[in-house]
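Below is one structure, written out as structure tokens; the observations come after it.
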């Protein structure tokens, strides 16, 4: 592992891509990790109202992600779209302080929709673009995507740890810190350009990937991905699996965990520490999973991630102490690394890599957004009625069914290889 990392750090494209994705997740995680707690404890919204906010966000992100994916596939490795999104992220604190909160107080549904538009433009639809660009950079300039994506988890972990303390001092500190981190990221995107040095190109560029990128996909080719039957089978799988990762982790778990502590402040600090440890472990797993995938294959890695998700969500429905719940929550680390890296590699293995951003948006991120629209409000209302833990057990049952479905529909690694073959 150490040799892999040292070799990667010598690559200026790896350093640039890792730094950019680290700062993006740090600027997002500093406030997003406490967003559900902020909505319930500071703004006083019910589970159904929180579900409505997440549903609106998922609906707007659903449309925007397809637009972003299409634009980025046309741009290739150019980062103009990233700069626009990060420019919006810099406005996070002013938006939350002077626009979002007053609008939610004046008219909840109008405020929720305006917030959904901003959050989708700046963050919800931006996350997969950063991941897609980093993955494309990794293929073009000879580094491992998982090891670069790991730094995003590291940035999120550090932010979550800091957020646990900042939030208890003043909740708005997390938003202002997010704006500051985004300002640094914008400067990095504008100034850090390793591709401007010819010696970097000659040493690290993959000529085969460069030749593939010389002909950017037409709009018709991008749209044509919607007619791929295999993609729709993946979409059904994602709706019934990764959707519930999002609903469970973002909409339910934070406030559920803090209830096990004598005061909200104690719970919020404990959650910040737990979230940080969990995502730090995710950072480690992001570096190890690519090695594991070479041993067991992409399909098996994806199925393993699903099984861990079932155990994690179901375990939280059975555990009754904060220690037990915290230990189970740490299974998030291998689960996320296996699922995210394996699904991305599945797309680049079995589909045309020139439309990888669109495929990732439609087949993974948009599919999860559709699931969020379908399930966020009903599950929020169900949580209000039967409680968190019974809801978790129901979610675990649905994900188990999705895992069985995936066993039959996922292609084997040596079947229909239309993209980049697995390494020998």
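Rule-based calculations on the coordinates, nothing more; no lab input. All figures in this text were calculated on a predicted structure; none of them were measured in a lab. FYI the Cβ positions are ideal-geometry reconstructions off the backbone, even for glycines, and counts take in every protein chain you see.
For the pair residue 107 and residue 188 in one chain, pulling the backbone fully straight at 0.36 nm per residue adds 25.4 nm over the alpha carbon distance. Placing a pseudo-label 7 Å from each Cα along the Cα-to-Cβ vector at residue 46 and residue 307 gives an inter-label distance of 4.1 nm.
Can you classify segment 143-286 as rounded, prolate or oblate using the Cα gyration tensor, where a ≥ b ≥ c are the square roots of its eigenvalues, rounded means a/c under 1.5, and otherwise it's prolate if a/b beats b/c and oblate if not? Oblate, since a/c reaches 1.5 and b/c is not below a/b.
Among 397, 287, 76, the largest mean-square fluctuation in a Gaussian network model of the chain, built with springs joining Cα atoms closer than 10 Å, belongs to 397. Going by Cα centres, segment 324-398 and segment 33-93 are how many Å apart? Value for the Cα centre distance between the two parts: 16 Å. The angle separating the long axis of helix 80-89 from the principal Cα axis of greatest extent in the chain is about 20 degrees. Let me make sure I get this right: for segment 92-167, a, b and c are the square roots of the gyration tensor eigenvalues over alpha carbons, sorted descending. Under 1.5 in a/c it's rounded, otherwise prolate if a/b > b/c, else oblate. Which is it? Verdict is oblate for segment 92-167.
Length available on full extension from residue 208 to residue 261: 0.36 nm per residue minus the Cα-Cα distance, which gives 13.5 nm. By other beta-carbon atoms within 10 Å, ranking 151, 176 with the fewest at the front produces 176, 151.
The order of 30, 169, going from fewest to most other C-beta atoms within 10 Å of their C-beta, is 169, 30. If each DSSP helix of 4+ residues adds -39,500 (n - 2.57) and the sum is divided by the residues in the chain, what number results at 222 nm, nearest 500 deg cm²/dmol? Rounded to the nearest 500, it is -24000 deg cm²/dmol.
Were the residues from residue 318 through residue 170 laid out at 0.36 nm apart, the gain over their Cα-Cα distance would be 49.9 nm.
Ranking of 361, 113 by neighbouring Cβ atoms within 10 Å, starting from the fewest: 113, 361. May I ask for the distance between the Cα centers of segment 102-125 and segment 147-214, given as a whole number of Å? Computed from Cα coordinates, the inter-centre distance equals 25 Å.
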